[in-house]
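Here's the structure, in structure tokens; my notes come after.
The values are calculated or read from the model by the stated rules, or taken from the named source; none is laboratory data. Since the structure is predicted, the reported quantities are computational estimates derived from the model, not experimental observations. Note that each Cβ is placed from the backbone with ideal geometry, even for glycine, and that neighbours are counted across all protein chains shown.
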Amino acid sequence: MVPKACPDCRSGRLYGHGTNGQTYRDTPIHGKTVQITVNRRRYRCQNCGKTLFDPIPDLDAKRLATSRLIAYVRANCFQEPFAVVARRVAMDEKTVRQIFGDYVEELESTIRFVTPRILGIGEIKIIGDYRAMITNIEHHTLFDMRESRKKPEPLAYFKTLRDKDRVEWVAMDMYHVYRQVVQATLPQARSTTRAEAGVQGFAFRNDKLVERNLLLLRATDHQCLY
């Protein structure tokens, strides 16, 4: 496939400038890593002097990998650690993290998560550090997870939370930072600690009693609008 124009100056004045062999990683087969070598036609722009290769749709534009390998890495990173996926596809772990990070950015631009009416705040310890965990208690789902539970992290998060006026109740751990953050960013929401909710229970506007649901802060899915 011959490129139609220079990607830099948009000029169509291109001429052949030899060929170059490039090696691309592909999806593993029977536990073995796979590489594909492609002899690509090279072109030079007469207007600005930039060199470019003939476009191949099945090759990733950012990395020396096939598009199906990128899709493979994206899918498996949801189920396995980055290090495990990196070893299987013979990639650097940092590259695998970047591929997954790009995928997350794509998802965030196309998926809008519904802000919970009944929100839970807790934490989980991962790799030696406590991470703030935000949940949708009403639907028993994980809503988001932050890098740290230290005050600057949840404070910045809730200040920019979309549709935060939807939040009516917040159940949280007894960690004092959470209460300070909620008071500063969600003044309309009534709040309780998980201990208080578990022992006493409390009534919501629709007069339904929420009991053990307030203690359920683990989940595997998201509630979202597409």
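Miscellaneous remarks
- Pairs where the first residue, in segment 158-175, is free of Cβ contacts under 8 Å to residues at least 60 places away in the same chain and on the phi > 0 side of the Ramachandran plot and the second is surrounded by 11 or more Cβ atoms within 10 Å (Cβ to Cβ) and not in a helix (DSSP H, G or I), C-beta under 6 Å, 6+ apart: D163/T115
- Among residues of segment 79-102 being assigned to a helix (DSSP H, G or I) and polar (S, T, N, Q), the one that is surrounded by the fewest Cβ atoms within 10 Å (Cβ to Cβ) is Q98.
- Listed by position, the strands (runs of 3 or more DSSP E) enclosed by segment 1-57 that each have at least 1 residues that are closer than 24 Å to V85 by Cβ are 14-29, 32-45.
- Filter pass, N76 being assigned by TED's automatic domain parsing to the domain that holds E106, under 23 Å from E106 (Cα atoms), among the polar types (S, T, N, Q) and surrounded by 13 or more Cβ atoms within 10 Å (Cβ to Cβ): yes
- Residues (touching a Phe, Trp or Tyr at 6+ places or on another chain (Cβ under 8 Å) and crowded, with 17+ Cβ neighbours inside 10 Å) located in segment 121-131: I121, E123
- Any hit, segment 27-39, residues being surrounded by 14 or more Cβ atoms within 10 Å (Cβ to Cβ) and modelled with pLDDT under 85: yes
- Flag if E105 is free of Cβ contacts under 8 Å to residues at least 60 places away in the same chain and assigned to a strand (DSSP E or B): no
- Condition check for R74: touching a residue at least 60 places away in the same chain (Cβ under 8 Å) and either of a type in the set (D, E, K, R) or part of a helix (DSSP H, G or I) (or both): no
- Candidate set: segment 162-180, residues that are crowded, with 19+ Cβ neighbours inside 10 Å and in a loop (DSSP other than H, G, I, E, B); chosen: the one nearest to the chain's Cα centre (by Cα): V167
- Candidates A71, A83: the one that is at pLDDT 90 or above, over 21 Å from K4 (Cα atoms), assigned by TED's automatic domain parsing to the domain that holds Y103 and in contact with a helix residue (DSSP H, G or I) (Cβ under 6 Å, 6 or more places away or on another chain) is A83.
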